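All of the numbers you see were taken from the coordinates with simple rules; none came from a lab. Computed from a prediction, not measured in an experiment: that's the story for all the values here. Using ideal geometry, Cβ is built from the backbone for each residue, glycine included, and neighbour counts are taken over all protein chains shown.
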Amino acid sequence: MERELVIGYYGNGKSTNRYHLPFLIRRKGKIRVKTIYARTLREDWPRWPGAEYTSDPRVLLDDPEIDVVVVTTPAGAHFEAAKAVLEAGKNCVLEKPFAQSAQEARNLFAHAHEKGLMLQCYQNRRFDSDFLTAQRVIESGVLGDLQEVEMHYDYYRPEIPEKIDWFSRRESYLYNHACHTLDQVLSYFGKPERVVYDVRQLLGEGRMNDYFDLDLFYGRVKVSVKSSYFRVKERPSFVLYGSRGMFVKQEKDRQEADLKKFYLPDRADFGLDLPEHYGTLTYYDTEGRYHEEKVPSEVGDYGRYYDALYETLVHGAPQLVTEEQTLLQMDLLEEGIRGLR
């Protein structure tokens, strides 16, 4: 019988309780949550069965049984929290955005190397249903030569940028949202040959960054990552264009929507697309015949990040999210936000 991976959490807010713990429900017996630390032990979230809750970080960091600490604090506290975890001799998973600067990220990785520890960014969106489905369509070859990919993650939440009358990197839309979609691009396509940035403050200088449009070029393929707080009607989640056809996936992955309703992964239909959510594939086959058909969606599962983490820490498998991918993303985010005031 394989051993359990013992986990602790540094933080007990929305991230821990919505985007991490629910995905361990199906992994009990393989992954055990021992300790959850928070500076203030609020009662906003139900407590995880069997876990010890503490407001003393030493209870978490000095426990020799804990294999890895997952840091889920607000982004501005990532550097100091991750540094404390590494100083305590613990492997560390750090939520995104990974750090406030590329230099902070490099310092953390250097510290992990000195200590002989694993440090990895939590990139659960690699397991979004829409992203997995888009990959399957690309790899089928039915589109012919891939030419262009559009990825959108839109909101209509004008009240958020309207109430922020200052600019900071920490509150920027680019840092807090492109860290999801940009990782999808880098994980699948790799390092781009060049990047064109259009990062805006739609309400004017001295206000929140609330819009971004990044074009990443891979030979003849352009991948666009776009997002705005001011889209009354969302653009499609994915649009793929090839020499023989196109694929449109309007609906986003549904895991987050279910989590917000406390509909959890212990339900068999958690996060699943219904037929009305499927994407549409339109193409000409090699005989010149026209086709238009629905593509059943892949099943998304953020818990697959934890499956990979288990394999890394228990069996020595390579990290799912590499240091190089994390540092490349930090460099791109830093370049994109440069010049905004």
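Counting other Cβ atoms within 10 Å, keep those with at most 16, restrict to DSSP loop, and tell me which trypsin sites (Lys or Arg not before Pro) in the stretch 1-96 are left. Loop-located and lightly packed - ARG3, LYS28, LYS30, ARG39, ARG42, ARG47. In terms of its alpha-carbon gyration tensor, the stretch 88-218 comes out oblate; a/c meets the 1.5 threshold, while b/c is at least as large as a/b.
Recomputing P(r) over Cα pairs in 20 Å bins from 0, in percent from the coordinates shown identifies the correct label among (i) 29, 58, 13, 0; (ii) 28, 49, 20, 3; (iii) 32, 52, 15, 0 as (i). Distant-in-sequence amide contacts of GLN147, defined by a placed amide H-H separation under 5 Å and a gap of 5 or more residues or a different chain, comprise TYR241, GLY242, SER243. Each residue of the stretch 169-180 is assigned a 3J(HN,Hα), and the resulting list reads 4, 4, 8, 5, 5, 4, 5, 8, 10, 5, 4, 7 Hz, derived from the Karplus form 6.51 cos²θ - 1.76 cosθ + 1.60 (θ = phi - 60°), x at Gly and Pro.
Between the beta carbons of ASP44 and TYR156, assuming R0 = 41 Å, the FRET efficiency works out to 0.95 to the nearest 0.05.
Ignoring lysines fewer than eight residues from LYS14 along the same chain, the ones with Cα atoms less than 27 angstrom from its Cα are LYS28, LYS30, LYS34, LYS83, LYS90, LYS96, LYS163, LYS226, LYS233, LYS252, LYS260, LYS261. Rounded to the nearest whole Hz, the Karplus-based 3J(HN,Hα) values (6.51 cos²θ - 1.76 cosθ + 1.60, θ = phi - 60°) of the stretch 315-330 follow the sequence 10, x, 5, x, 5, 4, 9, 7, 4, 4, 5, 5, 5, 4, 4, 4, with x at glycine and proline. The GNM of the chain, with springs linking C-alpha atoms under 10 angstrom apart, assigns the highest mean-square fluctuation among GLU251, GLU114, GLU43 to GLU43. Write down the percent of antiparallel bridges among all DSSP beta bridges whose residues are both part of the chain, to the nearest 5. Taking every DSSP beta bridge within the chain, about 60 percent pair in antiparallel fashion.
In order along the stretch 152-160, the phi-based Karplus estimate (6.51 cos²θ - 1.76 cosθ + 1.60, θ = phi - 60°) of 3J(HN,Hα) comes to 10, 9, 9, 9, 10, 9, x, 5, 5 Hz; Gly and Pro are listed as x.
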